[in-house]
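Reviewing the structure listed below.
The values are calculated or read from the model by the stated rules, or taken from the named source; none is laboratory data. Treat the numbers as computed from the prediction; the structure is a model and nothing was measured. For neighbour counting, all protein chains shown are included, and Cβ atoms are generated from backbone atoms with ideal geometry for every residue, glycine included.
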Amino acid sequence: MDVGREPEQQQPGDLDLFAVVGIGASAGGLEAFTQLLSHLPNHTGMAFVLVQHLDPSHRSLLAELLSRTTQLPVVEVHDGMTLEADRVYVIPPNTQMTLARGALQLAPREKVQGRYMPIDAFFRSLAQERGSRAIGVVLSGSDGDGALGLEAIKAAGGITFAQCEASAQFSDMPHRAAATGVDFILPPQAIAEELVKISAHPYVIPARSNMPADEEALPSVFALLQAATGADFTYYKRTTLLRRLRRRMVLHKLERLVDYVRHLQDNPGEVQTLYEEILISVTSFFRDPDVFAALQEKVFAGICQGKAAGSPIRVWVPGCATGEEVYSIAITLLEWLGPQAHETPIQIFGTDISEAAVEKARLGIYKEEAVANVSPGRLRQFFVQVAAGYQIGKSVRELCVFARQNLSSDPPFSNMDLISCRNVLIYLEPTLQKRVLPIFHYSLKPTGFLVLGSSESTGEFTDLFAVVDKKHKIYTRTAAPSRLSFDFVTGDYRLARARRGGLTGEATWAGLNIQQQADRIVLNRYAPAGVLTNDRLEILQFRGETGAYLRPAPGEPSFNLLKMARPGLLPELHTAIYQAKSQEGAVEKAGLRVEGNDGPRHIRIVVIAFKVPPADERYFLVLFETMDPVMPAAPEARHRHDSDQRIDPEPEISRLRQELTIVRQELVHTQAYLQSIIEEQEATNQSLTTANEEILSSNEELQSTNEELQTAKEEIQSANEELRTTNEELQSRNLEARQVNNDLLNLLSNVNIPILMLTNDLRIRRFTPAAQRLFNLIATDVGRSLSDIRLNFHAPDLEESLLEVIDTLSPKEREVQDLEGYWYLLRIRPYRTVDHQIDGVVLALVDIDALKNSAQLLEAARIYAESIVETVRGPLLVLDSDLRVRTANRAFYQTFQTVPAQTEGQRLFELAGGQWDIPRLRLMLENLLLHNAQLLDYEVEHDFENVGRRVMLLNAQEILAPEQDRLILLALEDITEQKRTQQSQQMALQKEYELNELKSRLIAMTSHEFRTPLSTIILSTQLLSSDSPHQSAQKRLKQQQRIERAIEQMTDLLDGILSIGQAEIDQVQIRRVPLDLESFCRQLVEEMQAAPGGAHRPAFESAGQCRGANLDAVMLRQILSNLLTNALKYSAPDSTVRLQLACRDGQAVFTVVDEGIGIAVEDQERLFEPFYRGRNVANIPGSGLGLAIVRRLVELLKGRLAFESRPQQGTTFTVALPLEEPADD
């Protein structure tokens, strides 16, 4: 018995645990949850855990909503929360929930490949934690989550539900769950009612969990299973078997095993269901990845070491379930072999007692959830996506052979390199384990390996297997002799199935054969009782009532005739059989005295030996018939007779003589019996001696032959599958070839192109009807040499061209003309087979006569157009639809100083290093083709290679060529000089406008600024002219000084106006002279210090020497004087004004720093406008021209002017002037 399964893990305190109902849902789950919970009573003794697909980024209100629909307490789970009965637990968002040690464990939601499956994760942990007290329910949802988890619950002995699709808003999840074989498919309300019924069953209630064992009924269950399936579960693990039985009892509402046995007897379908459930499989791809890594590291290398080339790697996976383990080993082995996988024969055998599992393994189709643990790389390489999920690739499936096998009774495989039997032995009792492990030892090669499950070991067979990897349970075969007893029998599961299927047929047959039934009644009534035996005296049929002659022998049951003979019958029966066998006829023995239940009786036996041709086997028909013996006179009668008469000795003597005769007959019979025994014994001894010698001589041969036959059987099975696959492929290819041939014949018959196919020696192979005229062919020319045919077109060196194509494999094309003057394009290509072999040449003629005539017309038109284009003085380009230059005129090449080799065939945007790659131009040209638009007067200003900066005016128009190509005619006009003239005129107009504007502003500002000093002069003059006697000399002097200051103010204002005016009209002459800047600045500061009326003195600071300066001394003095004057004017009397000089990077840097009133932020933007003054200057006199003059002079000297200022903290002006005259000065 073999079942490849996941190990069941039942908790030690399982009998005391209450049931936990896991309920999973996705889309539409709220309605289903509500319907289910609203029909649950307050007390069921079970806990309910709800797993819903929730938005990970939002808070869940599910617990709050459900609490309104049920009286059960509803709570949202927190990490480590202990489960309690009669409560509802709801998963929080963005978490993964599992059950461990009676508490709900939360973990952050993992990022997984593919879809997130929280329901499967919880169901698996529920199955592991609660085992048979796990209940899984899948409700509405739109994916496949929960299906694999239900399989795990069912494998652990739990109960599974799925919502019926009609009641679900989204039926995908219930549909996939139902496909796994759930126990109930109901609407939510009915699920609640069924849960209530289950909660009252002793199997579920902890206080009543110790159900009556009823193990005395187990043999009846075993007998029913064996009769129906041929599988003996006697030595199956008792706890697991009882758990499966009790689960079925819960589903059928039965509490006693004897009641379930009666249910099995009344419902044969339940027997098959129980059988499949006992063999329920839960497995996965690459289960325990460390084991597969250990196989690659420690096992595969040992298998391949010393293996002869071409010798296959043989692997056996007993208990393979649905094949995941087999395919996982195959993929791991292929990955380990790498490129050598195609050169190494691989044979992997997967066996299981479940026929349904074997069928699924052969298909190799698995749901998407089943391959979730397979890496994306393996999924792409070894799997193919199909409608039902994923299928193992054909290259892997061809390595694996699956078969139904009972590990305990069917013959094993042999010469195996590896046996992987993981999680099978844990389901077997020690008696069966002791039988299976020697089988593995026998099946392995001397260097073979054995892999067991994590909970399994070799037990007492440490002499048969040595440990290779204790952690991963990997063993190697030792050299100890195998302890295998060859008492395998052919599995009778096919016979059992035939018996099940044949019951109806037998009943029908019996009802139809009335005459045969009548004959049987007559025989039973009047024919003597007897038995039919084979040559070994094993009873094959009882005929009539034989209980008076035969009875069951004590001890082991047996149908041997001699063992069943009643006392007194055995010697004569044995003698009669021996004589019938010797005489090949009938032997009769009469007067036999047999002890029966109702006393002794005398019988007659007849033994008839016969054979049934054409078979040579001997059969015996033994008939029994009771005789009426002559009874002696009763003692009482003799006594009365003796008392009345005188004693007569004759009757007594006669009676004694009769008894003596009987004794002598018995003695003769005994002697004959003994003689037959002696003869038979001697013959038997002689036969045994001979047989012993033959057995001894052939034992080794038989053992070797048996192994070879087993290997040959496996190879034949594998070859048979391969041949079947190959046959299907060949049939498919034949159909494809037939279809291709039909297509080719129709193509050649209907194509209107002359095509001729030749062999390597230039013999005609096939041709199209259109080729008959040009090649001058008829149907009977097939097979003739081409040189024998007179062609209807001119091709003098045709044969040389054909041979050249065959030799070089390079196609050739040439234009030919037929005898009537029509032009054709002759194409010659090699004839390639599907194996890429060259097996001739193919000729095709394409009619190009119209194209030839059109080409001549086009050539004439082209010459005409080119002559026109060449006469145009402006540059012209003709572009194709890919914006490649088709042609250009002479003016283009002269203008841009290029040649045709660098232009024609090139994309417009790649010419001259990409100088025409202008995004706007590219877009407009592409739109021109798309929308049939025009490009009119588009200006392009660019630095063109060889010609410098030019302004080009572009016009473009689509033109339709005679060959239907879409072309663009692009005309270019150089308007550089026109643009320069326009720009000069615009600049002059702008300058004139600015001067007029300046003039207006000067007049306005001058009139305003001159009015104050003039008023002062007029007033002071009037006071002086009054010649008042009261005026003193001091007052007259004061008035004169006021007039002088007013005149100086007007003079400064006039100088500033003149300076700014000259600067604006570029009339200032720059006269650069060598200057010692440090002496220059120091002298300027000293002059400032010596000026009368100053309350504070400027200071000069120099950072090193500045030599080699060529600057305009007048302009520099004016710049620095204005900046220093402003700094002194707007600074407090006790503050410091500094002039700093530094030379760096070829520049003289002058910095004027003051601690004055500063410049307001809102005034800084207009600070350098003429006549503009800040708002915080109050009554400080000034014209507003100083900074405007400074900026203009700095610009004329190609310098840089900058400033920083903070109100009430001071201002810093920085002027940077080049020490040498710039190149473009």
Review point. Is there a residue being assigned by TED's automatic domain parsing to the domain that holds Val451, among the hydroxyl-bearing types (Ser, Thr, Tyr) and touching a strand residue (DSSP E or B) at 6+ places or on another chain (Cβ under 9 Å) anywhere in the stretch 346-356?
Key: yes
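For the stretch 568-610: of the residues being of a type in the set (Lys, Arg) and in contact (Cβ under 8 Å) with a residue 40 or more places away in the chain, which is surrounded by the fewest Cβ atoms within 10 Å (Cβ to Cβ)? Walk me through it before giving the result.
Pass one, the stretch 568-610, residues of a type in the set (Lys, Arg): 581, 589, 593, 601, 604.
Then keep just the ones that are in contact (Cβ under 8 Å) with a residue 40 or more places away in the chain; that gives 589, 601.
Details: Lys589: 20, Arg601: 18.
Per the criteria, the residue is Arg601.
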Revision key, fill the gap. Taking the stretch 1099-1115 and keeping residues in contact with a Leu (Cβ under 8 Å, 6 or more places away or on another chain), farther than 11 Å from Cys1081 by Cα and either surrounded by fewer than 17 Cβ atoms within 10 Å (Cβ to Cβ) or of a type in the set (Asp, Glu) (or both) leaves Ala1103, Gly1108, Asn1110, Asp1112
Review point. When Ser354 is evaluated against the numbered criteria (1) polar (S, T, N, Q); (2) surrounded by 17 or more Cβ atoms within 10 Å (Cβ to Cβ); (3) under 26 Å from Lys471 (Cα atoms), which criterion, by number, is the only one it fails?
Key: (3)
**Study point:** Boolean, Gln1069 is farther than 19 Å from Phe1213 by Cβ and either in contact with a Phe, Trp or Tyr (Cβ under 6 Å, 6 or more places away or on another chain) or at pLDDT 80 or above (or both)
**Key:** no
Check your understanding: Of all residues in the stretch 877-919, which are out of contact with any strand residue (DSSP E or B) (no Cβ under 8 Å at 6 or more places or on another chain) and in a helix (DSSP H, G or I)?
Key -> Arg890, Tyr893, Gln894, Ala901, Gln902, Phe909, Glu910, Gly913, Pro919
Revision key, fill the gap. Here, helices (runs of 4 or more DSSP H) confined to the stretch 240-336 with at least 2 residues that are touching a strand residue (DSSP E or B) at 6+ places or on another chain (Cβ under 8 Å) and aliphatic (A, V, I, L, M) are 289-294
Review point. Do we have Ala891 as surrounded by 17 or more Cβ atoms within 10 Å (Cβ to Cβ) and free of Cβ contacts under 8 Å to residues at least 24 places away in the same chain here?
Key: yes
**Study point:** Top-ranked residue in the stretch 622-650 [being touching a Lys or Arg at 6+ places or on another chain (Cβ under 9 Å) and modelled with pLDDT under 80; ranked as farthest from Pro571 (Cα to Cα)]
**Key:** Ala633
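Hey, can you tell me all the residues within the stretch 828-848 that are at negative phi and not in a strand (DSSP E or B)? First the steps, then the outcome.
Our first condition is that a residue be at negative phi; within the stretch 828-848, this holds for 828-835, 837-839, 841-848.
Within the stretch 828-848, Thr833, Val834, Asp835, Gln837, Ile848 qualify.
Of the residues Glu799, Glu815, which single one is surrounded by fewer than 15 Cβ atoms within 10 Å (Cβ to Cβ) and within 24 Å of Ala850 (Cβ to Cβ)? Spell out how you get there, then give the answer.
On the way: Glu799 fails: within 24 Å of Ala850 (Cβ to Cβ).
Residue meeting the stated conditions: Glu815.
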Check your understanding: Taking the stretch 117-148 as the search range and keeping residues that are under 17 Å from Asp172 (Cα atoms) and assigned to a helix (DSSP H, G or I), which one is farthest from the chain's Cα centre (by Cα)?
Key -> Ile119
Exercise for review: Output yes when any residue across the stretch 215-232 is modelled with pLDDT of 85 or more, part of a loop (DSSP other than H, G, I, E, B) and more than 34 Å from the chain's Cα centre (by Cα), and no when none is.
Suggested key: no
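So which strands (runs of 3 or more DSSP E) stay within the stretch 1099-1210 end to end and still have 1 or more residues that are under 23 Å from Gln1089 (Cβ atoms) and basic (Lys, Arg)?
Working: elements: 1109-1111, 1137-1144, 1147-1153, 1200-1206.
Passing ranges, in order: 1137-1144.
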Check your understanding: Which condition number in (1) free of Cβ contacts under 8 Å to residues at least 40 places away in the same chain; (2) under 28 Å from Ala737 (Cβ atoms); (3) not hydroxyl-bearing (Ser, Thr, Tyr) is the one that Lys852 fails?
Key -> (2)
**Study point:** Given (1) in a loop (DSSP other than H, G, I, E, B); (2) among the aliphatic types (A, V, I, L, M); (3) at pLDDT below 85, index of the condition Ala207 fails
**Key:** (1)
